[in-house]
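In what follows, a structure is listed as structure tokens, so that the remarks can point back to it.
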Ligand SMILES: Nc1ncnc2c1ncn2[C@@H]1O[C@H](COP(=O)(O)OP(=O)(O)OP(=O)(O)O)[C@@H](O)[C@H]1O
Ligand SMILES: [Mg+2]
């Protein structure tokens, strides 16, 4: 579904991604871990098309299309979704109106008619329940004055509404209380199927107990330096990253 | 006179001035008209050297055509009036063609204490005698004095003490002429003690080939404990030019809520809005939203005159300037020495979305009292990139995202619109402008 080849990207003249290779198949869930500042959010941003990042080398293919050629909105319409680490607040844009606009823009792109008001409300109710999203937040401005946890829940609620093929969750677990973490994870698990893929960026093994990944990658200094299975996450939890950095330095000095 | 007398319009004007003095127009306002004319000849038409008109080149528009000064009555078909309808709005309707009341298209509110009719027919009404041409700021604006001297007619409203109009009143201004015309409507609305009304104004321009220039003056008086909600929607067209002067007076404990919406269409709009607070414990809300495109010019010139103590005024003007539109905002706040415990706030925020869009914003605070709270602020900027990216990352295209953002930017004005059908109408208009 997604193929990343030798991806290099910079922001404000600073090289952040330094040769990422990653293959994500249909129905797979990949976890990306790594120390602060290693480039996890940057990778997510480049995939979603944030314009202040410049790709200097490499390719990204999504279902046979060159993803890097597409505008951010077309990437979303093709089925890429990014749950932001820091969702922005947009005063004056109502959550409901925003979602309806998004849904209809995606439908238009796919040649579908705009969704009927009644169907939209039905869908909204159903997905709200999936992540236990407070209905009172629906009519409020997008994320404005939402608590940290409410914002994260809203990201997953949007994910459920827009039903993408590839969802990238950037630290969705941070800011969620213990119960919310379980609820949101269960919601995500219900969305998982053989057609959909997930990239879960996290610092904590705990999330991966709920959303069990097929692969775990460690991103460090703009590169994936280790790939394993869910056991790798446990090992990282215990030992931290230093041993990996040392391994890397040994390899590089050879 | 100090103005350029080579203007064709100006020559027409001189002829009319002579007509006024020789023919003696048939009303009992000769004294007032003559005095205004004298005042006008001192002030002259504004030029770029006139301080209050530095950024608005009205001469260019006055010179454009040989305007005819229009007094004649015309009628229009119902289909023209229907263009102004606001969907789902349950309201009374008053249709004015070039300022003249058209009873057959109107549905006037009736009831005890409500007087509504042509201004020319009410020059003996108590509200007229007491208040006509009394707002002292009018004498400072040359075009307002010109209106006083030569106006043909307009709308008179007087609500007696304790009279409340139960539904909004929608005033539909139709501007139409056979040749390029200079039209000068004159209105006076008086809300006596404890009276209340909601008035919505908008306009229709049925003629695609002639240019109409409206120089209108509205005086409103909000007496003790009365409340006026006043919405003015300016959506002209390419053949319209407008100088719109609103002069309000508030007496003690009164509340005046003024909303001005200028949307794309008219190439040149100048709004003079002044509020004189003659009593204490008043509340004034001045809300403005201007969305301009093409090479549109929108100038809002506002003046809050705090004469008496313990009054609150809140002014928020927001602008969205597209293409090479340019905006001007002047916010004068004068707090007299006696006006202690004044709260006067002013804010002007702008989105400059066109490559050549421009805003000139000037607060003018003159404060002679010491125990006051006053503030002013100005911003001009673009959309936040973060917000745009967020919207686009959800599949919302750039134009739709901009439309959402402009609606969001406008929401603190549109949210204050207390008539739901009107609020909805305005939001739709804004979305349509951004999606066009
Ligand atoms: N706009 C920018 N200008 C300059 N540097 C930037 C910019 N955006 C990101 N960076 C830098 O890129 C590097 C990678 O940041 P990124 O946010 O991708 O890290 P991360 O792995 O997501 O970290 P965390 O775990 O803390 O979320 C950091 O050093 C960061 O300071
Ligand atoms: Mg990050």
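Just so it is clear, none of the values below were taken in a lab; they were calculated from the coordinates. It should be emphasised that the depicted structure is a prediction, and the values quoted were computed from it without experimental measurement. All Cβ positions, even for glycine, are placed from backbone atoms using ideal geometry, and neighbour counts span all protein chains on display.
Brief remarks on what is shown
- Within a Gaussian network of chain B (alpha carbon springs, distance under 10 Å), most fluctuating of B:147, B:350, B:57: B:57
- For segment A:210-231 versus segment B:89-124, the gap between their alpha-carbon centres in whole angstrom: 75
- Bridge type composition, segment B:2-274 - antiparallel percent by DSSP, nearest 5: 10
- C-alpha long axis of helix A:178-191 to longest principal axis of chain A, angle in °: 80
- Choice from A:192, A:77, A:239 showing the highest fluctuation, given a GNM over chain A with Cα pairs closer than 10 Å: A:239
- Remark: B:418, A:100 ranked as B:418, A:100, counting other beta-carbon atoms within 10 Å and listing the fewest first.
- DSSP-defined antiparallel bridges as percent of all bridges, the protein assembly as shown, nearest 5: 20
- Whether the protein assembly as shown is rounded, prolate or oblate, judged on the alpha carbon gyration tensor where a/c under 1.5 counts as rounded: prolate
- Length-normalised contact order of chain A in % [C-alpha pairs under 8 Å, at least 6 apart]: 27
- Principal-axis tilt of helix A:95-109 within chain A, Cα atoms, nearest 10 degrees: 80
- Among B:412, B:358, B:299, residue whose mean-square fluctuation peaks in a GNM of chain B (springs only between Cα atoms under 10 Å): B:412
- Shielding by partners for peptide A:72-83, expressed as the average number of C-beta atoms from other protein chains within 10 Å of each residue's C-beta, is 4.
- Exposure proxy for A:61, A:243, B:189: other Cβ atoms within 10 Å of each Cβ, ordered fewest to most, give A:243, A:61, B:189.
- Across peptide B:395-406, the average count of Cβ atoms from other chains found within 10 Å of a residue's Cβ is 6.
- Of A:75, B:54, the sequence from fewest to most neighbouring Cβ atoms within 10 angstrom is B:54, A:75.
- Summary value for chain B: 10 percent relative contact order, contacts being C-alpha pairs under 8 angstrom separated by 6+ residues.
- In degrees, nearest ten, helix A:148-162 long axis to first principal axis of chain A (Cα): 70
- Here segment A:96-254 carries DSSP beta bridges of which approximately 50% are antiparallel, counting only pairs with both residues inside.
- For chain B, the square roots a ≥ b ≥ c of the C-alpha gyration tensor eigenvalues yield an a/c under 1.5, which makes the shape rounded.
- Shielding by partners - mean other protein chain Cβ count within 10 Å, residues of A:85-98: 5
- Between residue B:179 and residue A:21, the modelled label-to-label distance comes to 8.4 nm, taking each label 7 Å out from Cα in the direction of the beta carbon.
- Annotation for segment A:36-73 versus segment B:361-436: alpha-carbon center distance of 32 Å.
- Fraction of the pair-distance distribution of segment A:1-75 above 17 Å, Cα-Cα pairs, percent: 43
- For segment B:301-436, relative contact order (Cα pairs under 8 Å, six or more residues apart, normalised by length) works out to 22 percent.
- Prolate/oblate/rounded call for segment A:37-125, Cα gyration tensor, a/c under 1.5 rounded: oblate
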